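Enquirer: Shown below is the structure under consideration.
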């Protein structure tokens, strides 16, 4: 459940009270009126209805520039829900606004993101060269590649072009840094390309596509349900970081045929992660609040899903052709 506090003019009491009643708020309380003729109104709302309540409040309070809506998390309430219906209503979920704030923060191209990409690339390159699975996993733990992927998918679902551009720039910058740095490592570090960990990232099959699709879907679900996303971040990094490092390492060793396979795997994983994330957002009904924004987002989602599907089809054709040539 969430505790929603509304700070607005006293004339808004009947409207806010009606919203609380309509969406079956567990509790509704009025605070004391202040010197500015505003007061705080609080309602306890189930997770299932939080987004509906926020949308309704924004619609009716939009004309009040000084109105504020604050959402507080509720760790527990006593006594516990007794009926099965009440327990079903309290299912885990998160609001559109909370999702946006989370992905927007994690999609920024700042010094922290760049440093984490550099560190994770160095660790991943060492793990691939030394054929050390534990080191490769360690690199994926610190790789910050989940944020921009989720931000791009959410931006598409909401029709937010600014968020889409920012997240795409951050994602491409991270991939470019990983490939460039691993290329330099490949040039300067003499090693034989015989390790199974490295060679595995130069081959792409249908199982690789299934992994990436599952990773993107899990990432989107972790965001929409408000569940911890640390392990999901590792799943996305599995699909993106090692192939990017493999591209650079094999190019640095002048093995373009292996680099081509790693690049194809990387491209396939990027497409699959984003495609499955978008489909999950679509199924979960993540959309903007107003009608005009919904129409724009619907067009954007349709275009991008079709684009990813066509791209994935071309990649699958390239995988089949490459398999026959081998």
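The values are calculated or read from the model by the stated rules, or taken from the named source; none is laboratory data. Since this is a predicted model, take the numbers as computed values, not measurements. We place every Cβ from the backbone using ideal geometry, glycine too, and count neighbours over all the protein chains shown.
Enquirer: Just checking, does region 77-91 include any residue being outside any strand (DSSP E or B) and either at pLDDT 90 or above or touching a strand residue (DSSP E or B) at 6+ places or on another chain (Cβ under 7 Å) (or both)?
Expert: No - not one qualifying residue is present in region 77-91.
Enquirer: Only one residue in 283, 316 is at pLDDT below 85 and in the same structural domain as residue 196 (by TED's automatic domain parsing). Which one?
Expert: Working: 316 fails: at pLDDT below 85.
Only one candidate qualifies: 283.
Enquirer: Kindly check whether there is at least one residue in region 45-57 that is farther than 20 Å from residue 285 by Cα and either in contact (Cβ under 8 Å) with a residue 12 or more places away in the chain or out of contact with any strand residue (DSSP E or B) (no Cβ under 6 Å at 6 or more places or on another chain) (or both).
Expert: So far as region 45-57 goes, no, none of its residues is farther than 20 Å from residue 285 by Cα and either in contact (Cβ under 8 Å) with a residue 12 or more places away in the chain or out of contact with any strand residue (DSSP E or B) (no Cβ under 6 Å at 6 or more places or on another chain) (or both).
Enquirer: Evaluate the following for residue 24: is it touching a residue at least 12 places away in the same chain (Cβ under 8 Å) and at positive phi? Write out each step before concluding.
Expert: On the way: touching a residue at least 12 places away in the same chain (Cβ under 8 Å): yes; at positive phi: yes.
For residue 24, the condition - touching a residue at least 12 places away in the same chain (Cβ under 8 Å) and at positive phi - is met.
Enquirer: Failed condition for residue 65, given (1) out of contact with any strand residue (DSSP E or B) (no Cβ under 7 Å at 6 or more places or on another chain); (2) over 24 Å from residue 294 (Cβ atoms); (3) buried (at least 16 other Cβ atoms within 10 Å of the Cβ), with all others met?
Expert: Of (1) out of contact with any strand residue (DSSP E or B) (no Cβ under 7 Å at 6 or more places or on another chain); (2) over 24 Å from residue 294 (Cβ atoms); (3) buried (at least 16 other Cβ atoms within 10 Å of the Cβ), only one is false for residue 65: (3).
Enquirer: For region 33-44, how many residues meet the condition of being modelled with pLDDT of 90 or more and either surrounded by fewer than 17 Cβ atoms within 10 Å (Cβ to Cβ) or part of a loop (DSSP other than H, G, I, E, B) (or both)? Working first, answer last.
Expert: At the first step, the residues of region 33-44 found to be modelled with pLDDT of 90 or more are 38-44.
Now drop any that are not either surrounded by fewer than 17 Cβ atoms within 10 Å (Cβ to Cβ) or part of a loop (DSSP other than H, G, I, E, B) (or both), which leaves 40.
So the count comes out to 1.
Enquirer: Something else: In this structure, is residue 141 in the same structural domain as residue 225 (by TED's automatic domain parsing) and modelled with pLDDT of 85 or more?
Expert: Numbers: in the same structural domain as residue 225 (by TED's automatic domain parsing): yes; modelled with pLDDT of 85 or more: no.
Criteria not met by residue 141.
Enquirer: State whether one or more residues within region 164-180 are more than 15 Å from residue 259 (Cα to Cα), at pLDDT below 90, in the same structural domain as residue 270 (by TED's automatic domain parsing) and not in a helix (DSSP H, G or I).
Expert: No, region 164-180 has no match at all.
Enquirer: Still on this structure, I have one more. Can you report the number of residues in region 181-202 which are surrounded by 17 or more Cβ atoms within 10 Å (Cβ to Cβ), closer than 15 Å to residue 261 by Cα and in contact (Cβ under 8 Å) with a residue 60 or more places away in the chain?
Expert: Residues in region 181-202 being surrounded by 17 or more Cβ atoms within 10 Å (Cβ to Cβ), closer than 15 Å to residue 261 by Cα and in contact (Cβ under 8 Å) with a residue 60 or more places away in the chain: 4 in total.
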